[in-house]
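As structure tokens, the structure follows; a few thoughts come after it.
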């Protein structure tokens, strides 16, 4: 009896179940676990995936990186998704509105919130052809114009509106928006728009959102000279073009299109954020004019080499996950770099990071790396993601001991995880840790 060993009644490690699609998707929905109001959607999003763990994902939520349990996540499928094809039909959650007849949200120039526009008992119908002849009548009826037809169904537009939000309204053409005299933000997400048009008069516009439509070409934006943010993600655009006049652009989103080349960005010296994830890009090029760029997202493409990034002196975040990178190189001139995401590539050696001393987050998960090396100069490191590699040499953990402020490490799905003392050994080597894998210390 003295030789018998105690047997655990349950496994030491629990692995959350993940679908194959969840491992490769670019965007996800997040389940709302709080008490919901009547008619509130059960999910919010979709949000872009920054990195993946065994039990949690890091998501870009309102320009902040937040860690969310995979139990709350659901894959966000897009129409004509070439890489993720669900085996059975899925219905995505759609936004709901307090008033189903009207969903145009307005904020007047005096900053007095008015909520949803209420319909007149006897609304006046004005078409585009006779809008000018009826301008006096519009003033007498309160300045609200109803646009008929399939292009803009059941929507009233207030000429004084500053924010116009028309999400998921089955709009198939941009028509009738010329009455908007003060609009600054226009959101037309999740519609059926096939062409960018009818926006020439909206010179006050600073934000335009055409996410998840059916656009095939960037065009007719030349008059929007005050535009600062443009989102054309989840369309079918093949080329970056016709943006030369948008010299004040600060953020440009072109996620999940069919773009094969980075081009025509030489006029965007004010750009601080560029998102080109989930396209068909094979080479990093034509970025030298983006001297103020701070965030570059270019994951899930076909890039095989880190190059042509030397002019991006202000770059703080580089995300190039799920590509074909085999070597860490040509990053020495990125003196401001704080966050580097290189997960799910084919990297075998950690190298050439000695000059990137401001790095606080380094993501190398899902590569083919066997040893921790060349990390001693990264003293500002706070998060190190190294799950799903080939690490089996325990003394390598000491490479991180100079990062005295490190708080989070991921080493799960490496050979060292098989050690029964796995968590205790890591904590002893790195006493400043507050989280090991997805579990708080």
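The values are calculated or read from the model by the stated rules, or taken from the named source; none is laboratory data. On a predicted model such as this, the values are computed, not experimentally measured, just so you know. Cβ: placed from backbone, ideal geometry, glycine included. Neighbour counts: every protein chain shown.
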Let me confirm something: among 356, 387, which residue is in contact (Cβ under 8 Å) with a residue 60 or more places away in the chain, surrounded by 14 or more Cβ atoms within 10 Å (Cβ to Cβ) and not assigned by TED's automatic domain parsing to the domain that holds residue 60? 387
Identify, from the list 415, 395, 420, the residue that is surrounded by fewer than 18 Cβ atoms within 10 Å (Cβ to Cβ) and in contact (Cβ under 8 Å) with a residue 60 or more places away in the chain. 420
Taking residue 153, is it in contact with a strand residue (DSSP E or B) (Cβ under 8 Å, 6 or more places away or on another chain), farther than 18 Å from residue 220 by Cβ and either modelled with pLDDT under 60 or assigned to a loop (DSSP other than H, G, I, E, B) (or both)? no
For residue 433, which of the numbered conditions (1) in contact with a strand residue (DSSP E or B) (Cβ under 9 Å, 6 or more places away or on another chain); (2) not in a loop (DSSP other than H, G, I, E, B) fails to hold? (2)
Any residue at all in region 75-94 that's under 30 Å from residue 411 (Cβ atoms), modelled with pLDDT of 50 or more and touching a helix residue (DSSP H, G or I) at 6+ places or on another chain (Cβ under 8 Å)? yes
Filter result for residue 326 (modelled with pLDDT of 95 or more, assigned to a loop (DSSP other than H, G, I, E, B) and surrounded by fewer than 20 Cβ atoms within 10 Å (Cβ to Cβ)): yes
Search region 398-412 for residues being in a loop (DSSP other than H, G, I, E, B) and without any contact (Cβ under 8 Å) to a residue 40 or more places away in the chain, and hand back the single one that is farthest from residue 69 (Cα to Cα). 402
Would you point out which residue out of 198, 143 is surrounded by fewer than 19 Cβ atoms within 10 Å (Cβ to Cβ), at pLDDT 90 or above and assigned to a loop (DSSP other than H, G, I, E, B)? 198
